[in-house]
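See structure below.
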Amino acid sequence: MSQSHTLINLKIDGKDVQIPAGATILEAAEAVGVKIPTLCYLKKISPTGACRICVVEVAGADKTMTACNTRAVDGMAVTTQSEKLSAIRRQVVELLLVNHPLDCPVCDAGGECDLQDVCYSQDVTRQPFAAVDVNAPNIDHWPLIQQVPNRCVMCEKCVKVCFEVIGADALFINEKGDKAFIDKDLAKCEFCGNCVQVCPTGTMISKPFKFKARPWELRKTPSVCTLCAAQCQVNYESKQGKVLRVTSEDGVTVNDGNLCVGGFFGHGYLNSDQRLTIPLVDGQPATWETALGTVSAGLVRVRDNAGGQALAGLASGSLSNEEGYLFQKLFRVALGSNNLDSTARFGLLRAIKVLRSQLGLTGANRSLANIGNAETILVFGCDPTSEAPAVDWQVQLAHRKHDAKLVVADLRRIKLAGQAETFLQYQPGSEALLAGALAKLIVTKGQADGAWLSQYVGNQGELLTYLDGIDVAAACAASGVDQALLEEAADHLGAAKSVAVVFGRAITNAANAENAVAALANLALVSGALQGDCGGIFPMADQGNAFGLLDAGVCPEFLPGFQNHATGGADANSILAGIEKGEIKALYLAGCNPLVEFPANGRWKSALAKLELLVVQDILASELTAMANVVLPGAASSEKSGSVTALDGRISLLRKAVDPPGEARPDLTIFADLFTTLSGKPAPSEATLRSQMAEQKRPFAPTVGSLKGAAPALDTQAPAELQLLIGKCPFHFGMMTTYSAANVELAPAGVIVINPADAARLGVAEGGHLKVTGPAGSASGKVMIKEKVPAGLLTASDDFAALNIQQIMPVGANCVPVTAVKA
């Protein structure tokens, strides 16, 4: 509904209505509970007025009007139900059925088809008209989605959702008149499945779900998707103990019913034949009693012989908050070890330490919706389309619907770069330099809020002196960014009343991550990103519940709730060194796979072989599980309860949709059994764990003089002929979706993305192979040639075990000089 403060008065079916000026008749009717039938209307897109089913009568007007796209005016009198309107609506529906096949028994939308519902509500029981069939043939060659043009009512919901909400612009109307049909530019498609979700008929069909079930057979369980840290609300829809599809609901979810390729199609791993279903001891099936007994005895033996410091545990963002909390309690309380860590060590945790020190933050300071309401958005060193699609949708909302300004700073020409008012394509290693120069320009132009800085920034003078010393011209020269573009970006940020700063793994995992995040924190302070009710600062994470895991205390520096921990312990890097030296003898991996997820993982492979005890708790078989002394089959997020924490601090509940396969158990149950055995005390319940965590939360509440600016080193990497950046495949979310057939159809293997000029220089063609050698090792993979990466830069995703691109990366970096040769 319009945000206008001017109110108008009208009547709907004799009922008095007062609504904001600019609202439509349909919105006015909704305000007083009057239902007008619709088919093409969808609240989150602009009205189309194509189906004509929402026609109403307006006093004084000669013709009927469509309620969905006609603005209400003061004094208007509207009639929504009459014999005349019923006759018109019936005929409109009958005309829609002219070329629409009556194939409901075999149509996948049967039972949840809006056209069926409209036929029923309007008492349309016949098809009196006939016409020449001019429909295009079925479109079967698209991956994952089938298009059946003769079922289409040309409502354009799919086209508009694709463009207005997702920002992909992949769907378009082909041909004209009665030959028109919806076609697709496959190169632009993100395969999010939203076209399938909004289709009112069986025109857009999910191939993986086709003929699997009727909607009334499905058990719907509201829960949360944990494939990324945005954590969209979803419905797991299951039949006979298996999740067959995932949906979401408009208006009632934080993601407004939108899903991405992971949320809509990526659940195939749940039913993979590679699921772990029974405990294994030394590679052989075992009972839970035997497996847990072996783990307990092994951990106690090592602890008693070498002390708690000889034990270590590594976890992943696939654990719930309660599971992470009990995991660290198992080690700290029951085993006397503080050697705990996760994949967040190499990215997110580095960023949070800086944000905590400067701004008192342990994550984003506002909800995702504030991105959608910001006047200017800065997307720096991340690709939200791939890393956290729900963030992308908020950017689309702000930019397309609310006329926000968009500034993108990245090494690559990501999708959002093509939509931005200003795109700053910088050189690797210059992130801190670029952010510092932006902050200086805002201050120099007098656009920083001095009064706010004086009230909230304790070292305002020190911060401003530091910024004053930055040489903008030198920063532009080192970063490769034109100064006019940089000043344009600074104007957008400085002039806005609200600013959202979004950054991701190209910042958090970089060699200069701490300096870059410190510079972005300074930029957030002077640009006003921490002021008012909109905007904010939003770090992103690699794994679904990475924020929750850190909040639960799964790292040596902090106890739960980010309380300082003076005792200390070994982090992931020290754990590796400890194993290599023979000081750490037992390692428990809970959903964590260092052989693929960690940098320099060739060292990890050698080190794991030296352990006396390697326990792997996971849901899918891998090279890692083959190395383990004990394998404990855990549960996926749809197979357990608990809570998870999104990147904006939002806590949501997981709800169990199906049972884990075979003898697999929820991770919390496994940890609880071990805790009881090893400590001699009963394990806290899930509710108790959640309550304990809540008591330790420390919400962000800035007080006078509490915030700090920093003076990060403004270094830049030495120029190199070729560098490689660890990026993110847009069709996968970690290794998990590489076990999903749908995602594998879109991206069957890891590829090395290269600029056409570099490909020509190296003599490699599309689909050819390239061997890339970095500081820690080499990796070989297929080549994909794309203009989106600049000359001199390669990118590759770390989702794929076969490519294993992380093996070439040293610890603490995600973009390094490499050599490449045709393989």
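The values are calculated or read from the model by the stated rules, or taken from the named source; none is laboratory data. Just so it is clear, the structure is predicted and the values come from calculations on it, not from any experiment. Cβ sites come from the backbone with ideal geometry, for glycine too, and all protein chains shown count toward neighbours. Note: accessible area is taken over every heavy atom of the protein model, side chains too, but ligands, DNA and RNA are not part of it. Shrake-Rupley method; radii C 1.70, N 1.55, O 1.52, S 1.80 Å.
Things to note:
- Entries in Lys179/Lys401; Lys401/Lys728; Lys160/Lys405; Lys728/Lys786 that, when Cα-Cα distance is taken, lie over 25 Å: Lys179/Lys401; Lys401/Lys728
- Zone of Ala451's modelled label, taken as backbone nitrogen in region 515-532 under 20 Å from a point 7 Å along Cα→Cβ: 525-532
- Heavy atoms of the protein chains alone define the surface here; on that basis region 748-811 has 39 Å² accessible area per residue at 1.4 Å probe size.
- A straight chain from Lys771 to Ala369 at 0.36 nm per residue would run longer than the Cα-Cα distance by 140.4 nm.
- FRET efficiency, 1/(1 + (r/R0)^6) with R0 45 Å, evaluated for Ala297 and His141 via beta carbons: 0.20
- Spin-label zone in region 672-693 - amide nitrogen under 18 Å from a point set 7 Å from the Cα of Glu612 along the C-beta vector: 678
- The share of C-alpha pairs in region 702-823 whose separation exceeds 21 Å stands at 44 percent.
- Size descriptor for the chain, Kirkwood hydrodynamic radius: 28.5 Å (Cα pairs only, one decimal).
- Sorting 329-341, 14-26 by their mean Cβ neighbour count within 10 Å, with the most densely packed peptide first, gives 329-341, 14-26.
- For region 369-444, the spherically averaged projection of the C-alpha convex hull amounts to 5.1 nm².
- Rounded FRET efficiency, nearest 0.05, which uses the C-beta distance separating Val252 from Glu112 and R0 of 22 Å: 0.85
- Hits among lysines - C-alpha to C-alpha of Lys212 under 19 Å, sequence gap 8 or more where chains match: Lys220, Lys239, Lys242
- Near-label residues of region 655-684 by backbone N, under 14 Å of a point 7 Å along Cα→Cβ of Thr277: 659-665
- Per-residue extension of 0.36 nm, minus the Cα-Cα distance of Val32 and Lys15, leaves a gain of 5.4 nm for this segment.
- Global geometry of region 606-741, whether rounded, prolate or oblate, following the gyration tensor of its Cα atoms and the 1.5 cut on a/c: oblate
- If only the Cβ of Lys and Arg carry +1 and only the Cβ of Asp and Glu carry -1, the dipole of region 98-236 around its Cα centre is close to 340 debye.
- 23 Å Cα cut-off, lysine pairs counted over region 1-127 (separation 8 or more, or different chains): 13
- Were the residues from Lys681 through Asp178 laid out at 0.36 nm apart, the gain over their Cα-Cα distance would be 173.8 nm.
- Estimated from the Cβ-Cβ distance and a Förster radius of 25 angstrom, the FRET efficiency linking Ser778 and Ala626 is about 0.65.
- For region 538-603, radius of gyration divided by Kirkwood radius, i.e. Rg to Rh on alpha-carbons: 0.98
- The aspartates and glutamates whose alpha-carbon is closer than 19 Å to the alpha-carbon of Lys771, local same-chain residues fewer than 8 away aside, are Glu721, Asp758, Asp798, Asp799.
- Packing around the peptides 102-111, 383-392, 68-77, 198-207, taken as the average count of other Cβ atoms within 10 Å per residue, puts them in this order, highest first: 383-392, 198-207, 68-77, 102-111.
- As a rough guide to protection, the peptides 617-628, 370-381 ranked by mean Cβ packing within 10 Å, highest first, stand as 370-381, 617-628.
- Accessible surface of region 459-588, 1.4 Å probe: 49 percent of it comes from carbon and sulfur atoms.
- Relative contact order [Cα under 8 Å, 6+ residues apart], region 353-432, whole percent: 25
- Sulfur and carbon atoms: percent of accessible area, region 642-742 [1.4 Å]: 57
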